[in-house]
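Worksheet: the structure to be examined is printed underneath.
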């Protein structure tokens, strides 16, 4: 059974990026929708991750099911924040990245550095141990 969630929604102007923040106990879950690419959307994605790193505690789940597109800029931000979260001993995992994003991770040899789960429930169960 999923814990109750506390929802926060941020929409970033014309960037076509929408982030819904939920809390599942000590875990922050980010449902990310839209595109993460060079320009404002990648900047806002990074800014939001920085805010979560500063203002929240505990592990972070990033749900990529509704990401339509991510370029190398977005991928760079994701990898950079993975390192920052790990430095603070806060796991950051991905949930349901599309085939395209999985292929991008494999192509860039980054597939092995991210823990990837097929559902939020599985990620929450793993991180709650």
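The values are calculated or read from the model by the stated rules, or taken from the named source; none is laboratory data. Note that the structure is predicted; figures quoted are calculated from it, not measured. With ideal geometry, Cβ positions are generated from the backbone for all residues, glycine too; neighbour counts draw on all protein chains shown.
One line per residue, one yes/no per condition, for (1) free of Cβ contacts under 8 Å to residues at least 60 places away in the same chain; (2) out of contact with any strand residue (DSSP E or B) (no Cβ under 7 Å at 6 or more places or on another chain); (3) surrounded by fewer than 20 Cβ atoms within 10 Å (Cβ to Cβ):
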site: 29; (1), (2), (3): no, no, no
site: 42; (1), (2), (3): yes, no, no
site: 47; (1), (2), (3): yes, yes, yes
site: 51; (1), (2), (3): yes, yes, yes
site: 56; (1), (2), (3): yes, no, yes
site: 62; (1), (2), (3): yes, no, no
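For segment 82-129, enumerate the residues that are touching a residue at least 40 places away in the same chain (Cβ under 8 Å) and assigned to a helix (DSSP H, G or I).
Selection gives 120, 121, 123, 124, 127.
Select from segment 21-48 the residues that are under 13 Å from residue 60 (Cα atoms) and either in contact with a helix residue (DSSP H, G or I) (Cβ under 9 Å, 6 or more places away or on another chain) or not in a helix (DSSP H, G or I) (or both) and list them in ascending order.
21, 22, 23, 24, 25, 26, 27, 28, 29, 30, 31, 32
Starting from residues that are within 15 Å of residue 67 (Cα to Cα) and not in a strand (DSSP E or B), keep the ones in segment 1-20 and report whichever is modelled with the highest pLDDT.
Per the stated criteria, the residue is 16.
For segment 69-78, what are the residues that are surrounded by 14 or more Cβ atoms within 10 Å (Cβ to Cβ), outside any loop (DSSP other than H, G, I, E, B) and either out of contact with any helix residue (DSSP H, G or I) (no Cβ under 7 Å at 6 or more places or on another chain) or in contact (Cβ under 8 Å) with a residue 40 or more places away in the chain (or both)?
Selection gives 69, 76, 77, 78.
Evaluate the following for residue 100: is it surrounded by fewer than 13 Cβ atoms within 10 Å (Cβ to Cβ) and either touching a strand residue (DSSP E or B) at 6+ places or on another chain (Cβ under 8 Å) or within 17 Å of residue 128 (Cα to Cα) (or both)?
So residue 100 passes the test.
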